[in-house]
1. Any residue at all in segment 139-146 that is open to solvent by less than 20 Å² (accessible area, probe 1.4 Å), without any contact (Cβ under 8 Å) to a residue 60 or more places away in the chain and among the β-branched types (V, I, T)?
2. Are any of the residues in segment 241-253 at pLDDT below 90, surrounded by 15 or more Cβ atoms within 10 Å (Cβ to Cβ), of a type in the set (S, T, N, Q) and part of a helix (DSSP H, G or I)?
3. Does T194 qualify as being under 30 Å from K79 (Cβ atoms) and either touching a strand residue (DSSP E or B) at 6+ places or on another chain (Cβ under 6 Å) or not hydrophobic (A, V, I, L, M, F, W, C) (or both)?
4. Taking strands (runs of 3 or more DSSP E) that do not extend beyond segment 134-202, which have at least 2 residues that are on the phi < 0 side of the Ramachandran plot and of a type in the set (V, I, T)?
5. Can you tell me which residues in segment 194-208 are open to solvent by less than 60 Å² (accessible area, probe 1.4 Å) and at pLDDT 90 or above?
6. Please indicate, with yes or no, whether at least one residue in segment 251-268 is of a type outside the set (F, W, Y) and closer than 25 Å to L166 by Cβ.
7. Residues in segment 84-127 that are out of contact with any Pro (no Cβ under 9 Å at 6 or more places or on another chain), at pLDDT below 90 and closer than 23 Å to D156 by Cα: how many?
8. Could you list, in sequence order, the residues of segment 209-229 that are open to solvent by less than 80 Å² (accessible area, probe 1.4 Å) and part of a helix (DSSP H, G or I)?
Amino acid sequence: MPVSGMKLAKGQRKTFNSRVAVFQPSLFGDEAESSPEQVLVSEKAPKESVAIQELNALITAQYDMPEMGKKLFVRMLEKLPMKAKSVIEPIYLDARDLLRVGNLTESDAIAELEKTIANLIRQVCWIASADGPLLVSLISSGSYNITKGLVRIHIDPVLYPYYQQLKTHFDISQLEKLIQFKSFYSKCIYDLFTRDHTKDRKFYYPLAELKRKLLIEENEYERYNDLRRYVLSRVQNDLAHTPVAFTFQEKRDLKNRVLGVEFQLTSLYRVPI
């Protein structure tokens, strides 16, 4: 099964062909013209983090997908058949459900739907292999039947295993939450806390284990202050209004070196099991 994940440093890209991965460019807007970022999964990565990588690479990457795009993508996965080896038949979605996004007028909502479909077609995934890269759109085609009120989506069979893996690992309610977060690390921590700490209010991770669960390489964020500033503090802000809102505090040794991080959930309502 192909997998995807962390970005590669520029110096690592020459050795990239030894693994299968998905590349993802910036989403929508002027940034989408830039070169796609490469992503690669660590062989020692926890399977849950691999699934988060898959979600991040295929859907959000560096830039946020518009609300209607997120809704269309989740509804498409909800309708995705799981027993077929590949998707050949189109997937039909209720257009009325998709059009109920924001406070748009009917004509503006229809225009936004058409734009969303076009953007998803334009969104190119790069699948690398030993034989060279394969380029495929997030969806291969889409149409809106005004009379029947249906959106018809076609998916390239090449991407079906990726979508199947996402649907196997996450239920629709989880996807609806995860897809809202811009940060890869926010997705990781949200999934980690809701999966492993449904009853705990306070828990501790040794620093090496925390970095492993977040798929942070040994040479990344070598200074804890950088990890705190660029990862933990940003995730804390991103998850402030979720069931896993948290505070955190470092545990240090006698030489003031950080040994690990203690988290405490601060949300007023329980994390759903």
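The values are calculated or read from the model by the stated rules, or taken from the named source; none is laboratory data. What you are looking at is a predicted structure, and each value in this text was computed from that prediction instead of being measured. Cβ sites come from the backbone with ideal geometry, for glycine too, and all protein chains shown count toward neighbours. Just so you know, the surface numbers come from the protein's heavy atoms only, side chains and all, with ligands and any DNA or RNA stripped out. Shrake-Rupley method; radii C 1.70, N 1.55, O 1.52, S 1.80 Å.
1. no
2. No, segment 241-253 contains no residue that is at pLDDT below 90, surrounded by 15 or more Cβ atoms within 10 Å (Cβ to Cβ), of a type in the set (S, T, N, Q) and part of a helix (DSSP H, G or I).
3. Answer is yes for this residue.
4. Qualifying strands (runs of 3 or more DSSP E): 150-154.
5. Answer for segment 194-208, where residues must be open to solvent by less than 60 Å² (accessible area, probe 1.4 Å) and at pLDDT 90 or above: F203, Y205, P206, L207.
6. no
7. Residues that pass the stated criteria total 4.
8. E209, L210, K211, K213, Y224, D226, L227
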